[in-house]
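Trainee: Mind having a look at this structure? Questions to follow.
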Amino acid sequence: MTQSLDALWEQVRAQKTRIPSLYGDIDFDVTPERFTDDIHTRSALPEKFAGKYRGKILADKEKVERARAYTLLGDNVADAYAALMPEYGFRNLITMLKTACDKGLDAVDNPPQELSDFIQAMEATPDWVDMDLVREGARLSRNQMVNLAPYVIRGAFVATFMNKYSGLPMAITGTLANESVNQRINETASFFTTATLPGALERFGPGFKAAAMVRLMHSMVRFNIIKRATTDKGGPWDPAVYGIPIPQVDQMPAGTMPAYLTAFKAMRKGRKHFTRQERAIVELSRYECFLLGLPAELLPAEAPDIIDTMLTYSGTLREGYDDSTCGELTRATMSVYRPKDDKLISKVHNAVERSFSKVFFTQAFLGKKDKSKAEEMGVAPDALDYALFSVGNLFIMPRLLAYRTLQDIPVANKVADRILVKRIKQLLVDYGHAEYTTDANQYAPTTSEPAA
């Protein structure tokens with residue numbers, strides 16, 4: 001599953017000649033400022049882990065060099081497809097991709113080779129994927145998606161803004177406006193929620209299609225940010241500082257979070273191996289990430305390797321907090337009103353959910369002792385937040401535990417699953433139809449766009 005270091009760097013540098021319209025002006029032999037292998041430079045690794053693990057991480061020179069390479073690796077097939085925007089227009093690219101996902105490549109009239117490569121790469125399911133385990137992982141995950149995720153998604157979203165080097169693309173693409181923030185949260189929630197529906201990740205399932213749309217959206221962001229950086233030297237994106245926008249490795253923390261938490265739980269109990277149910281959760285996460293285009297090396301199967309991969313990512317990403325980027329994104333996310341109506345029950349739900357997310361975020365991603373970072377980001381919970389968090393737990397935890405118990409009881413598990421599936425479909429309606437695009441103006445190519 002692991003390619004040689006030389007082959008990895010060859011893949012990175014090949015982006016320049018394979019997609020010259022996108023990467024032609026990028027010097028892949030220049031290490032961007034965002035990457036650090038200096039023990040004296042603070043990284044994104046939390047202090048509680050840095051002292052114990054960072055020295056060991058940086059001592060493994062090959063591992064560090066691999067991390068450096070992945071910092072500069074985009075999504076080859078989706079990027080090549082997105083680079084067709086000046087020729088086809090972004091609306092036509094989206095339409096063709098949706099058709100290919102819904103009906104197959106044969107249903108697309110004269111599809112470009114880049115679209116065929118994109119779809120075929122997603123269809124090339126690796127040998128390590130066990131779809132029975134993936135389906136079981138989806139079944140087990142439906143409980144959390146219904147009873148927990150709606151209360152923590154805002155906090156999980158904020159976690160992606162902790163670092164200016166990885167968070168800047170969100171600011172550039174107009175995510176600071178409240179409406180855009182809500183759309184981004186809904187799109188993120190919609191993908192991972194959809195993926196837990198029965199059959200969603202099969203070839204013609206909605207999860208497969210959603211993954212393709214997420215990949216195209218990220219590639220469109222890369223295309224426009226890089227093109228603007230090369231045509232407007234005063235633009236906010238400097239490849240020497242930030243590398244390439246949204247490298248695949250930056251998607252790993254969000255995509256593999258269920259696997260990471262499962263691995264952390266197992267290791268904390270003194271186990272290096274997963275139970276079958278834990279394995280199912282991990283395999284669902286790994287397959288989702290494969291569909292999202294993450295390289296196999298970033299998707300290890302065993303608990304120690306999963307934790308090591310995540311620590312290596314954080315331990316080589318330079319710490320960087322910029323209030324105009326990280327702070328504004330965080331404040332916009334925390335202040336946005338999420339429900340679709342102004343009913344009293346919706347206002348109460350929004351208040352509880354916002355407070356629950358703040359406490360969840362600080363405990364899960366900062367640690368109880370790191371109050372200064374929470375205050376700097378503007379997410380430090382106050383007494384009211386902790387009170388509403390407690391109120392939320394009184395509602396959330398009994399439901400989580402009840403459904404988790406029912407999932408292991410024959411007959412009852414089928415009844416419970418039907419209820420959860422029905423609730424997931426209702427949640428998807430609440431999240432709205434995910435377009436997986438930002439403002440269309442953010443995607444206007446430098447040349448005129450053909451009519452859709």
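The values are calculated or read from the model by the stated rules, or taken from the named source; none is laboratory data. Keep in mind that this is a model prediction, so the values were computed, not measured. Every residue, glycine among them, receives a Cβ derived from its backbone with ideal geometry; neighbour counts consider all protein chains shown. Accessible surface is based on the protein model in full, side chains and every heavy atom, while ligands, DNA and RNA are left aside. Shrake-Rupley method; radii C 1.70, N 1.55, O 1.52, S 1.80 Å.
Trainee: Percent of accessible area on the chain owned by carbon and sulfur, 1.4 Å probe?
Mentor: Values: 11080 of 20280 Å².
Here it works out to 55 percent.
Trainee: Residue 264 to residue 404: FRET efficiency via 1/(1 + (r/R0)^6), r the Cβ-Cβ distance, R0 25 Å, to the nearest 0.05? Before the final figure, lay out each step's value.
Mentor: Numbers: r = 19 Å, r/R0 = 0.75.
The pair residue 264/residue 404 has a calculated efficiency of 0.85.
Trainee: In vacuo Debye scattering of region 88-242, one point per C-alpha: log10 I(q)/I(0) at q = 0.19, 0.20 Å⁻¹?
Mentor: Taking Cα atoms of region 88-242 as identical point scatterers yields -1.30, -1.32.
Trainee: Could you let me know the centre-to-centre spacing of region 321-397 and region 126-176, using Cα atoms, in angstrom?
Mentor: 17
Trainee: What base-10 log of the normalised intensity I(q)/I(0) is obtained for region 122-209 from the Debye formula, alpha carbons as equal point scatterers, at q = 0.13, 0.21 Å⁻¹?
Mentor: Reported log10 I(q)/I(0), two decimals: -0.56, -1.04.
Trainee: Mark the label point 7 Å from the Cα of residue 418 along Cα→Cβ and return the residues of region 186-212 whose backbone N is within less than 17 Å of it.
Mentor: So the set is 198.
Trainee: Next question. Pairs to check: 343/414; 209/272; 48/164. Give those whose C-alpha atoms are more than 24 Å from each other in this structure.
Mentor: With Cα atoms farther than 24 Å apart: 343/414; 209/272.
Trainee: May I ask you to give the solvent-accessible area per residue for the chain, in square angstrom, as obtained with a 1.4 angstrom probe? Let's see the in-between values first.
Mentor: On the way: 20280 Å² over 452 residues.
Normalised by residue count, the accessible surface of the chain is 45 Å².
Trainee: Remind me, what semi-axes does region 1-108 give for its equivalent ellipsoid, largest first in whole Å, using sqrt of 5 times each Cα gyration tensor eigenvalue? Intermediate values should be presented prior to the final figure.
Mentor: On the way: eigenvalues 263, 54, 39 Å².
Each semi-axis is the square root of five times an eigenvalue, giving 36, 16, 14 Å.
Trainee: Which value in nm describes the separation of the simple spin-label points at residue 386 and residue 349, placed 7 Å from the Cα toward the beta carbon?
Mentor: 2.8
Trainee: For the pair residue 113 and residue 257, what calculated FRET efficiency results from E = 1/(1 + (r/R0)^6), where r is the Cβ-Cβ distance and R0 = 51 Å, to the nearest 0.05?
Mentor: Using R0 = 51 Å, I get an efficiency of 0.90.
Trainee: Pairs of alpha-carbon atoms within less than 8 angstrom and 6+ residues apart define the contacts here; what relative contact order does the chain have, in percent?
Mentor: Over the chain, the number comes to 28 percent.
Trainee: Largest first and in whole Å, give the semi-axes of region 305-381's equivalent ellipsoid, each being the square root of 5 times a Cα gyration tensor eigenvalue.
Mentor: Details: eigenvalues 162, 45, 31 Å².
Ellipsoid half-lengths, sorted descending, are 28, 15, 12 Å.
Trainee: Still on this structure, I have one more. Based on a Kirkwood Rh over C-alpha pairs, give the Stokes-Einstein translational diffusion coefficient of region 258-391 at 25 °C and viscosity 0.890 mPa s in µm²/s. Don't skip to the end; give the middle numbers.
Mentor: Values: Rh = 17.5 Å.
In µm²/s, the coefficient rounds to 140.
Trainee: Here is a further query. First obtain the Kirkwood hydrodynamic radius of the chain from its Cα pairs, then insert it into the Stokes-Einstein equation at 10 °C and 1.306 mPa s, and state the resulting D in µm² per second as a whole number.
Mentor: Numbers: Rh = 22.7 Å.
Estimated diffusion coefficient is 70 µm²/s.
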